[in-house]
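Data block below; observations after.
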There are 2 protein chains.
Amino acid sequence: MKQAQINPRKTPTQARAKASVQAILQAAAHILERGGLETLTTNYVAEVAGVSIGTLYQYYPSKEAILTDIIRQKRARLLEDLQAATLEMHNESFDVTLAKLLHAAVESQLHWPKLSKALEYAESFLPLEQETRVLNEQINQTIVAFLEHHQVADAPVAARDLVSALRGMIDGAGLAGETDARALFERALKLAKGYLA
Amino acid sequence: MKQAQINPRKTPTQARAKASVQAILQAAAHILERGGLETLTTNYVAEVAGVSIGTLYQYYPSKEAILTDIIRQKRARLLEDLQAATLEMHNESFDVTLAKLLHAAVESQLHWPKLSKALEYAESFLPLEQETRVLNEQINQTIVAFLEHHQVADAPVAARDLVSALRGMIDGAGLAGETDARALFERALKLAKGYLA
DNA sequence: GCAATATTCGAGCGAATACTCACATTTCTC
DNA sequence: GAGAAATGTGAGTATTCGCTCGAATATTGC
């Protein structure tokens, strides 16, 4: 089991190169949403992206590097949304901030459930790059800070429980074909408030 | 993407053949718990099991067939436990039966978290055999019946929410290194009772 | 004990797939 | 517009891995 290189190979400067990289990432995400991890092959990604296999390897040294980059992007986006949700938490009630957090969580997962699940599973065996590990830590800290601010006992454990339970629930709903974010959000709220009561 | 044959090839009759099959299943589970789906190769399973690759293919026509068989066994065991938990539900309080159910859920997942997660992911792309689909349906029905017996509104949706949320939470705890089933059980109880309150 | 049957063995085949490289094309720079 | 730099190409290589098959060995039934 050789250790795959995961850091991007070179950064595109020209516009068409940036477009190639975007096409590769989008194609990979699309393939994951359609068929899951086992259908993700580098040749297929290149084909769907409309670039040659050589171009793909100009920017990513391995299949794992592509996966890692997608995970990094998703996590960065989620962190941004969670931080926005807790920005005013000192002036807001517990309920209001919690609602904002759960809204962000539902939006980040419900619409691409197979992709979410595939990335989540991939994360469990990929050697994540430094940057992504930091993002994950910041996401966790954001939740922990929110819980502690409202005197929740055992905030680190509660954060982990809530995050993993909600991930499971949202994915479960998405895979079952649910698309009504509002309805799911209400149930997520029940789950979280119930656990924290 | 060819469709893999998943039904067992032939059933062992002699004792040593049964031992071979058991060794294969155990080896596969062990490999999944150690390294996940991408480290599960048929040659490696045979090696760990201490049988030749030819022997493996006497009983399983494909790698998928092995995975499917492991899933079937786990599900059968879980269903048994859940049915035992709800056996007396007509004479018991909601809380007592719920506790039994959650106990079974925690026991079935906490001790082999990587295996659980790998199987769960595998289930999302494998063409499950009839028998396993029936088992899954019975598991679901057991939960739905319990919820309906206690007048829970929207029992099918609630059952799906709870099952997927608890799966996520238990896996999350296991992967984080928790081993205290009792402590986790208490939190699972909070989660479930909170959601259903 | 002897045939019939069940089981085991593992070298090796074929297909899938990650990845390279020498060369072609486009874009930038001045 | 010319040279340099960046980008794109895809046939081809190397390796991994699922799986077969023909031959050897063990067990059973009579």
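The values are calculated or read from the model by the stated rules, or taken from the named source; none is laboratory data. These figures come from a predicted structure and were not determined experimentally. Positions of Cβ are generated from backbone atoms using ideal geometry, with glycine treated the same way; all protein chains shown enter the neighbour counts. For the accessible areas, the whole protein counts, side chains as well, though only heavy atoms, and no ligand, DNA or RNA atoms are used. Shrake-Rupley method; radii C 1.70, N 1.55, O 1.52, S 1.80 Å.
Once A and B are treated as a pair rather than alone, how much accessible area drops out, both sides summed, in Å² to 100, probe 1.4 Å?
Counting protein atoms only, the buried area is about 2500 Å².
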Straight-line reach from residue B:100: which aspartates and glutamates fall under 13 Å, measuring Cα to Cα and dropping same-chain residues less than 8 apart?
B:80, B:81, B:88, B:92, B:186
Counted charge near residue A:32, where neighbours are those whose Cβ lies closer than 12 Å (Asp, Glu -1; Lys, Arg +1):
+2
Shortest first, in nm, what separates the label point of residue B:180 from those of the same position in the other copies (7 Å along Cα→Cβ)?
4.0
If I model a spin label at residue A:153 and residue A:17 as a point 7 Å from the Cα along the Cα→Cβ vector, what separation in nanometres do I get?
5.7
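Does the stretch B:119-197 come out rounded, prolate or oblate by the C-alpha gyration tensor, with a ≥ b ≥ c the root eigenvalues, rounded set by a/c under 1.5 and, if not, prolate when a/b is larger than b/c and oblate if not? Numbers along the way, then the final one.
On the way: a/c = 2.39, a/b = 1.06, b/c = 2.24.
Note, shape of the stretch B:119-197 comes out oblate.
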Qualifying aspartates and glutamates (Cα of each under 14 Å from Cα of residue A:117; at least 8 residues distant if same chain):
A:33, A:38, A:171, B:120, B:123, B:171
How much mean residue ellipticity at 222 nm does the protein assembly as shown get from its helices, if each DSSP H run of length 4 or more adds -39500 (n - 2.57) and you divide by all residues, to the nearest 500 deg cm²/dmol?
-24000 deg cm²/dmol
Compute the label-point distances linking residue B:149 to its equivalents in the other copies; points lie 7 Å from Cα along Cα→Cβ; give nm, one decimal, shortest first.
4.4
Tell me which lysines have Cα within less than 17 Å of residue A:18's Cα, excluding those fewer than 8 residues away on the same chain?
A:10
Could you report the accessible area of residue A:103 in Å², rounded to 10, computed with a 1.4 Å probe on the protein chains as they sit in the structure?
100
Mind running the shape call on the protein assembly as shown? Use the C-alpha gyration tensor, a ≥ b ≥ c as the square roots of the eigenvalues: rounded below 1.5 for a/c, prolate if a/b tops b/c, oblate otherwise.
oblate
Residues from the stretch B:21-54 losing no less than 40 square angstrom of accessible surface in the full protein assembly compared with the chain alone, 1.4 angstrom probe, ligands and nucleic acids excluded, are B:38
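Could you check how many percent of all C-alpha pairs in chain A are farther apart than 22 Å?
Tail fraction, whole percent: 52.
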Rounded percent of accessible protein surface that carbon and sulfur make up, the stretch A:71-197, 1.4 Å probe
54
Cβ-based net charge around residue A:197, under 15 Å, with every Lys or Arg adding one and every Asp or Glu removing one
+1
Per-residue mean of C-beta atoms belonging to partner chains within 10 Å, peptide A:183-195:
4
Where the stretch B:15-196 is the region considered: accessible area per residue in Å², 1.4 Å probe
45
Inter-copy distances for residue B:53, label 7 Å out on the Cα-Cβ vector, sorted ascending, nm, one decimal, are 2.2
